[in-house]
2 protein chains.
Amino acid sequence: MVQDVRPATPHGYPAKALVGDTVPVSANVFRDGHDVIAAQVELRRGDLVVCRARLEHLGNDEWRGPVRATEPGPHQLVVMAWTDRYATWAHKAAVKLAARQDVSVEIAEGLVLLREWQALVGHEVPPVVAHALAMLADEAADEPSRVNPALAAGVAHALSGPLLATDLTTATVELWVDRRRAGVGAWYELFPRSSGGLRGAAAQVPRLAGLGFDVLYLPPVHPIGRTFRKGRNNSLDAGPEDPGSPWAIGSEEGGHLALHPDLGDFDDFDHLVRTAADHDMEVALDYALNCSPDHPWVREHPEWFYHRPDGSIAYAENPPKKYQDIYPLNFWPPDERDRQALWEACREIFDFWADRGVRIFRVDNPHTKPFAFWEWVIGRLHRERPDLVFLAEAFTRPKVMARLAEVGFSQSYTYFTWRTAQYGPEGLRTYVEELAGGPLADYMRPNFWPSTPDILSGPLRNGPPAAFALRYVLAATLSPLYGVYSGYELYENEPASPDNEEYMWSEKYQLCERDFDRPGSLSPLFAAVNSLRRRHPAFSRLQGVHFHGSDNPNVMAYSKTSEDGRDVVLMVVTLDPHSAQQANLRLDTAVLGAPGDRPFVVRDELSGEQYTWGANPYVRLDPFRRVAHALVPVPAAEA
Amino acid sequence: MVQDVRPATPHGYPAKALVGDTVPVSANVFRDGHDVIAAQVELRRGDLVVCRARLEHLGNDEWRGPVRATEPGPHQLVVMAWTDRYATWAHKAAVKLAARQDVSVEIAEGLVLLREWQALVGHEVPPVVAHALAMLADEAADEPSRVNPALAAGVAHALSGPLLATDLTTATVELWVDRRRAGVGAWYELFPRSSGGLRGAAAQVPRLAGLGFDVLYLPPVHPIGRTFRKGRNNSLDAGPEDPGSPWAIGSEEGGHLALHPDLGDFDDFDHLVRTAADHDMEVALDYALNCSPDHPWVREHPEWFYHRPDGSIAYAENPPKKYQDIYPLNFWPPDERDRQALWEACREIFDFWADRGVRIFRVDNPHTKPFAFWEWVIGRLHRERPDLVFLAEAFTRPKVMARLAEVGFSQSYTYFTWRTAQYGPEGLRTYVEELAGGPLADYMRPNFWPSTPDILSGPLRNGPPAAFALRYVLAATLSPLYGVYSGYELYENEPASPDNEEYMWSEKYQLCERDFDRPGSLSPLFAAVNSLRRRHPAFSRLQGVHFHGSDNPNVMAYSKTSEDGRDVVLMVVTLDPHSAQQANLRLDTAVLGAPGDRPFVVRDELSGEQYTWGANPYVRLDPFRRVAHALVPVPAAEA
């Protein structure tokens, strides 16, 4: 009986893994009776067995073994269990020998096993095995303790595999393997129009690559509608110079397959993609299934939209709010042929930009489109392009976010943006432990953003530079995937109103000029933390996070540990951007690989300073000086 | 999207319910976007809809509604969800009205909905609905707050059902419904041979019925083998007068379809079954798939047993222990026809005794037989006899016990026998909360036994009468199903050895004479507690248990609450049979329906005494006087 194989999703969709990661596969394995069982796991890619490992019994019928994928694409985890007839026999024989009972029946049974094995492999029993059994038989009579343990191990190795099994049972689950960038990366979002278009964005790439970013994410680059265009601060009366929201996609100049003429042409786009690649970065595009009233689809395919009783096309509403500049698509038009045509057109957008070198898409508001559509379109695309990555911008209810991850999204935005306290059900500890330790960890990869163009929240609202620094450090060191939105390094902190989370003078409705070289910006911290993330594999996985004790809720201590346990970094971060905070920590020194009973030396990887610490160190963080320590143990020889 | 319907089992087998119980059905229900959804559940029995209920949204996309079964047998729970087009419309219209926005489009849309509804039901729109809509239209212009709420509710009721749904989705899970005795009952186990056979056992029935027992469980009543028969205290040399273990089934006088001649004949058996029925009790038989070497099957069907290399039939072993008096069956003989014949023969045993009026079977050691066999045989029997009840005597690992419950067993023995402390991972609180509150509660029904003929453990070993009293009270008030083994009331407490849990002079190997009328026995407590259980529906379900605080780990306080919340009993039990214990309790008065801020009167249902208590009462339990209170709140008028 093999059941409850993990990694898995709750409803049978593929779990997720990254190329190169060691994936611990676990299962509950048991059978009736007292016979000894054995189990193994195979990672398969179609007919190819990528790797195979024996599972180890951890107790309570829970078994575990590691696999590692080498290529992206669809895989199967096949867990097999069987009655280990040799081990069952050996256990029985050993106990009887120890109790000095007669083992003549066991010797006869052992020979039967050997003969079966011989018939199956088609050649003689290896001499070592035959010899071991002969010795067992000889020695059993008077001196059981002298049976040679090395020979016994030889017998076990030859006979314990599935070859002799008469009751092999298997359980198979699907595993989707992504390239590493799907699970590890630092994102930077910028509106190309504020940088002088696509060429201007390309000119930013060397700076961003130098700061250690991996992904340059662009809001929609398509023509923007004129009808009901929004003006500055989301006003209804746009002036002739107002550029409109990039998410109001489509004008007479084209729709989702066109570039906004102000941003440049396809040569400029290709140049940007190439420049990014030259700097080991990637361009991520926004995929927003909104249409402005001027989108070509409105004219060409009115059947893809909702209609009001008077025949007019319905604009988006979340009453009493109205979005007259956006027509939502009807993913279930009455005629099935219309549905197919619409879904294929939506799929074509992905393929179009993928053909131009884009392999990452940030998908706008996926929770307002059918799950069935995402399951279909991502599955369809992944069949031919397993390297595509999809980030779900779904700031919505937990079960909806989980479902989007289940049906195929590679990554997900999260509630990190609103998790600002350390403790409590709404605190960072609870949230990170849920993401990293619960069932979600098998299939939902969080991408932590301190802010987005839509969301200025928590301590960032009218917040001091330290608020931006500490939220950045948390995002970048708690999650292997994180992102910041251009202007963050300049501490843009002015809310549009006390009632919502928009920015004043939001870049969604206007161009923003920024001096990224301004002294005092957060850029040096970006560089330092991205470098820290690259030097320490501990930051490349969500799992391996451990929260240590602190007697001050404003000082949080957590360590990250790499898969092999050899890389450990202890983060100590203040949650108060306004005043100095001090705390006595209660470190779980075993997790850190540090001695629990005597002092040890740690080095702050951000400042270079060294400290001699014990299990209960005193720390003081003055946000005007620094918001965090990133501490690694210094080997005694170097300290 | 409907998912995660409960009750359910983890691997798709039917969950369990009892006739007459209100079953809270829950599911996660959500869809893309912001439209309002509605959901209902149907309990179906084939084509028959037994009952139907709307689900209520509890928050976080979790929905719940009640069903109630009226007959045993296989059922389906069908949860349906749909976009409530009316509620979506009404919400939009209401928000717009409140914001004094134009609702002419909404009125037109409302009329479309009404016309659709009219076409579907085939008659006119009810006047109340049409009137409400007209009022809405009239009033929208200048005074939205005057829309009549009663009329609005009328519209909602008529239009919110699944009739207008265009996107009905369903999720179906199987539910097995048992008669109530499968989930609620007090068992009493006795060896008929110690009572003078089947007629003697029948003579015990009036006494046991008078004490409030529901089920009389008999160890195997079949002929006992002579070959390698065990003597007193499990010795290998039985004397000619030693009766042997009833579990070594089969002799030349017959096997599982025969009665041991010393116990009586089929007339006597029928008399016993009839006597039990006359006293509202039932006879439960032991179903033990063991064969003594003298069992007719050994001669007639050697192919159903294991064979050693020399051709002899293998006896049972758990090395270094040998059970020469028992031959285990091979449930997977090499020839598939032999397997079928064996399984059918095993099935026939159940049918044979069921034809003689036995509807409850206590199944010996099911974990040493294949899960596939139990799934098949219970499923096969339940098709024609849905009133059969199967108790799994599986004292084994948690996942194996859960699997047996999943594949069909009605009840299960438990670890209660070894859970003696209040707190800690191995304590009673943790265990009962796991059984009553976790996923197991959907399909595994615990049957709590303080001891069995095989197990004398914990405080019962050489224990005083109070140990027997307190363990009895715990079993009978924590679980709706519990049992005691004859002799318990006489405090039989002598272990066979310090190394195992057997009784000295175990009844398994000899007859035991007992004077059940002896003064000072536990029988009056049996009668009092069984009466308490019958008077209070709170004890008829596993759920509804709540542990209250106690500053003394030796004093445990827990309340049981009935399904409708109207019956609450607070149990306060000492866990120390040797000395008086005192404690200050921290009662969760809200759970008890008692005032939190002023004194209230409680009556002890076991002693009749009344106390005036607050939220933090002091209690003292002297085990020489009493081991427990069973307290119910006294209405102020009666106090």
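The values are calculated or read from the model by the stated rules, or taken from the named source; none is laboratory data. On a predicted model such as this, the values are computed, not experimentally measured, just so you know. Reconstructed Cβ throughout: ideal geometry from the backbone, glycine too, with neighbour counts over all protein chains shown. Keep in mind that these areas ignore ligands, DNA and RNA; they rest on the heavy atoms of the full protein, side chains included. Shrake-Rupley method; radii C 1.70, N 1.55, O 1.52, S 1.80 Å.
Listing for the model above:
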| item | result |
| --- | --- |
| Farthest toward positive dipole pole in the protein assembly as shown [+1 Lys/Arg, -1 Asp/Glu at C-beta], among B:275, B:473, B:264 | B:473 |
| Of all DSSP beta bridges in chain B, antiparallel share, percent nearest 5 | 70 percent |
| 10 Å beta-carbon shell around residue B:239, net charge (K/R +1, D/E -1) | -1 |
| Most positive-pole-ward Cα, B:248, B:99, B:191, against dipole of chain B from beta carbon charges | B:99 |
| Crossing angle, helix B:149-159 versus chain B [Cα axis fit, 0-90 degrees, rounded to tens] | 60 degrees |
| Positions from the range B:5-27 whose accessible area shrinks by 40 Å² or more when the full protein complex is built, not the chain alone, probe 1.4 Å | B:11 |
| The protein assembly as shown - charge dipole about Cα centre, Lys and Arg +1 at Cβ, Asp and Glu -1, debye rounded to 20 | 1640 debye |
| Residue-count net charge about residue B:488 - beta-carbon cut-off 11 Å; Lys, Arg +1, Asp, Glu -1 | -1 |
| Cα-centre dipole for chain B with unit charges at Cβ (Lys and Arg positive, Asp and Glu negative), debye to 20 | 840 debye |
| Whole-percent carbon and sulfur share, accessible surface of chain A, 1.4 Å | 51 percent |
| Amide proton proximity set for residue A:362, modelled H, under 5 Å, gap of 5+ | A:285, A:286, A:287, A:391 |
| Environment charge at residue A:252 (Cβ cut-off 9 Å; Lys +1, Arg +1, Asp -1, Glu -1) | -1 |
| Largest-first principal axis extents, alpha carbons of the range A:235-280, Å | 42, 20, 16 |
| Inter-copy separations for residue B:121, label at 7 Å along Cα-Cβ, nm, ascending | 7.8 |
| Percent breakdown of C-alpha pair distances by 5 Å bin, ordered from the shortest bin, for the range A:539-633 | 3, 14, 25, 26, 20, 10, 2, 0 |
| Integer Hz, Karplus 6.51/-1.76/1.60 couplings in order for the range A:65-71, x for Gly and Pro | x, x, 10, 8, 8, 10, 9 |
| Overall dimensions of the range B:179-324 by Cα: Rg and Dmax, Å | 17.4, 56 |
| Accessible area in the full protein assembly, largest first, 1.4 Å probe, for A:107, B:360 | A:107, B:360 |
| Efficiency of FRET from Cβ geometry, residue A:397 and residue A:313, R₀ 30 Å, rounded to 0.05 | 0.60 |
| In nm, spacing of pseudo-spin labels at residue B:500 and residue A:207 (7 Å Cα→C-beta vector) | 8.2 nm |
| With Cα atoms, 0 to 90° folded angle of helix B:336-355 axis to chain B main axis | 90 degrees |
| Interchain or long-range residues, amide H under 5 Å from residue B:51's placed H | B:43 |
| 5 Å binning of all Cα-Cα separations within the range A:278-336, expressed as whole percents from 0 upward | 4, 16, 23, 21, 13, 7, 5, 5, 4, 2, 1 |
| Residue among A:420, A:483, A:213 farthest towards the positive dipole end of chain A, charges placed on Cβ | A:420 |
| Vicinal HN-Hα couplings computed from phi for the range A:434-446 (Karplus, 6.51 cos²θ - 1.76 cosθ + 1.60; Hz; Gly/Pro x) | 5, 5, 8, x, x, x, 4, 4, 6, 8, 10, 9, x |
| Taking N as its residue count, the alpha carbon Rg of chain B over 2.2 N^0.38 Å | 1.17 |
| Angle in degrees between helix A:127-140 and the longest Cα principal axis of chain A, rounded to the nearest 10 | 50 degrees |
| Normalised alpha carbon radius of gyration of the protein assembly as shown [divisor 2.2 N^0.38 Å] | 1.09 |
| Per residue accessible area of chain A, 1.4 Å probe, in Å² | 40 Å² |
| Nearest-first distances (nm) between copies at residue B:335, label 7 Å from Cα via Cβ | 6.7 |
| Accessible-area ranking of B:35, B:499, largest first, probe 1.4 Å | B:499, B:35 |
| Shortest-first nm distances, residue A:163 label point to equivalent points in other copies (7 Å, Cα→Cβ) | 7.2 |
| Residue-wise HN-Hα coupling along the range B:613-629, computed from phi with Karplus coefficients 6.51, -1.76, 1.60 (Hz; x: Gly, Pro) | 10, x, 6, 10, x, 8, 10, 9, 10, 9, x, 7, 9, 7, 10, 7, 10 |
| Cα-centred dipole magnitude for the range A:1-56, charges only on beta-carbon of K, R (+1) and D, E (-1), debye, nearest 20 | 200 debye |
| Rough spin-label spacing in nm, given labels placed 7 Å along Cα→Cβ, for residue B:423 and residue A:236 | 6.4 nm |
